[in-house]
Each structure stands twice: as structure tokens, then as C-alpha cells.
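Worksheet for the structure shown next.
FYI, it's all coordinate maths here, none of it is from the lab. Quantities reported herein were computed from a predicted structural model and do not represent experimental measurements. Cβ sites come from the backbone with ideal geometry, for glycine too, and all protein chains shown count toward neighbours.
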Amino acid sequence: MAEKKERLEKILSNLGYGARKDVAYWVRSGWVTVDGNMAKSASQKVLPSQLMLEGKPLDHANGLTLIYHKPLHAVCSRKEDGQLIYAAFPERWLARKPALSSVGRLDKETSGLLILTDDGQLNHQLTSPKHDISKTYAVTLAEALKGDEVVKLASGTLMLEADDRPCKAAELEVTGDNTANLTLYEGRYHQVRRMFAALGNHVSILERTHIGLLSLSSLQLKAGEYRTLEPELLLQMVVGE
Ligand code: URA
């Protein structure tokens, strides 16, 4: 993301460091430097990369994108009660503007690969149906597979309860009597669980293993761990360009 000059107080408050009145106090106290010199005023226009606070460069001053291994039971929401995914990140990140948000969601009982970003354009590129980015899930089912699932899921005619159009063709790779990898090219509410319900089965364990070409196993992230990275690199890992 190209750097833009902004008022110093705006940069620091949008990065979650504190309210503008706090920034004014830090400037008066000499804690903020611009190119190594004490900042003159909180309203001075500067580039984020010129700033330091208490001798330290600013935290992800030009945007925040991360890959997270969502653990079971964590909720992709800022508002609900209980264990929220956002509790895994530094508090300052949660006060940033624009806000850090997940690219799509995984439900509470689903673990696996989740991307979070404050970059609206990246979020759009990863979710827009135009880009057709696949998502793969490792599924464990309550009942053994019957044998007709691969064809039914690939047909592009499977209807889900309460939906008015069929699911796009999906790829099922059977890995055991009641285990399989399912690759989808769209994202609907509780889609994997509802697709297997439509086939008369029940998903008992669900993990997202891939987003496009990016695989959870290649990242060596334990459940609850995350890694920040540049949006351009992430996109390259997902779409391979
Ligand atoms: N499908 C589901 O059923 N749940 C998820 O979290 C993701 C896809």
C-alpha cells in the first residue's frame, strides 16, 4: 500500500495507539519523533514511516494482513459472548481504523485457515465470486459415505434447504469410509454442513485446510497461532501469480 501523508495525531490514533488527546500529550512530552527529530505538533503532516513512538517504529503502519489458524469454538464476531477470534490478537490491533476483519467466516465448530485484513481491496479480491477462489475442507462424517456423493456434489444441481438456486459444482475427494476433502467455489452460510445434510449425512468434524493454493499444513501454525504478511505475498500464495 502506498504511503500517504496524514496528520500525526490521525496516524497514531488510527493505528490504535490512543485518542488524539493522548497523542497531543505524547508530542508535548517529546515521545514522538519525525525522521529522528522531536515532533513539533500533533497536527503536523507526515508519512507513517517517518514516525517513531518512544524510539520504536509504528506497528504495521501501512496495513495489517494475517493468516490465522482458527481453533475450534472461537467465534468470528466482535460482538457475541464467549470466545472470540479477535481475543487472539494484540488489543491495539482491535482499535485500528480501518478495522481488521475476517475474510468470510468459519462457524464456531469449524477450525482451520482464516485470513484477516484491514485492506478492503484484498478482502474483495478474495471473496468476490468473479475471482472464484476455491476453499477446501477436510470433513469427517457421522455416517459412512454411500458412494453417490462425488457425482451429486459435482452435478451443480444440489439444492440446499431454504436456498433458491443450486450449489455450484464441488469436488469431493474420498479419503476414507467417512472422511473426505471437499472443495467449494462459493461460500454460503454453513455450506459444507448443509450440503452433507442434503445428502442425508451429518458433518461431525470440519476443518478448512486450503484457501486457493494456500494450505494450512504448509504454514506450520498451531491452532490459535497467526502470522502477519504483506497482502501482495498473501495473494501470490493464494492464487499462485
Ligand atoms: N461450511 C460450513 O458448514 N462451516 C464453515 O465454517 C465453513 C463452511
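A few notes on this one:
- Which of Asp148, Asp119, Asp59 has the fewest Cβ neighbours within 10 Å, and the rest in rising order: Asp148, Asp59, Asp119
- Mean separation of Cα pairs under 8 Å and 6 or more residues apart, divided by the residue count, gives the range 1-76 a relative contact order of 32 percent.
- Proximity of backbone amide H atoms, modeled 1.01 Å from N, is registered between Ser101 and Thr117, Asp118 at under 5 Å, excluding neighbours fewer than 5 places apart on the same chain.
- Gap separating the Cα centres of the range 191-207 and the range 29-97, nearest whole Å: 38
- When +1 charges are put on Lys and Arg Cβ atoms and -1 charges on Asp and Glu Cβ atoms, the dipole computed for the chain relative to its Cα centre reaches about 1100 debye.
- Take every Cα pair under 8 Å whose residues are at least 6 apart in sequence, average their separation, divide by the length of the range 1-146, and the relative contact order is 21 percent.
- Within the range 6-57: Cβ-based charge dipole about Cα centre, in debye rounded to nearest 20 (Lys, Arg +1; Asp, Glu -1): 160
- The distance linking the range 160-190 with the range 102-144 is 13 Å (Cα centroid to Cα centroid, whole angstrom).
- Added length on full extension, which subtracts the Cα-Cα distance from 0.36 nm per residue, Ala2 to Ser77: 24.1 nm
- The stretch between Asp164 and Arg227 holds 18.8 nm of extra length on full extension. This uses 0.36 nm per residue minus the Cα-Cα distance.
- Ordered by the number of other Cβ atoms lying within 10 Å of each residue's own Cβ, fewest first, Val174, Val32 fall into the sequence Val174, Val32.
- Estimated FRET transfer efficiency (Leu47, Arg188; beta-carbon r; R0 41 Å; 0.05): 0.45
- Vicinal HN-Hα couplings computed from phi for the range 112-120 (Karplus, 6.51 cos²θ - 1.76 cosθ + 1.60; Hz; Gly/Pro x): x, 6, 9, 9, 10, 7, 9, 9, x
- Think of the range 1-138 as a dipole: +1 on every Lys or Arg Cβ, -1 on every Asp or Glu Cβ, centred on the Cα centre; then among Trp93, Thr110, Ala74, Trp93 lies furthest on the positive end.
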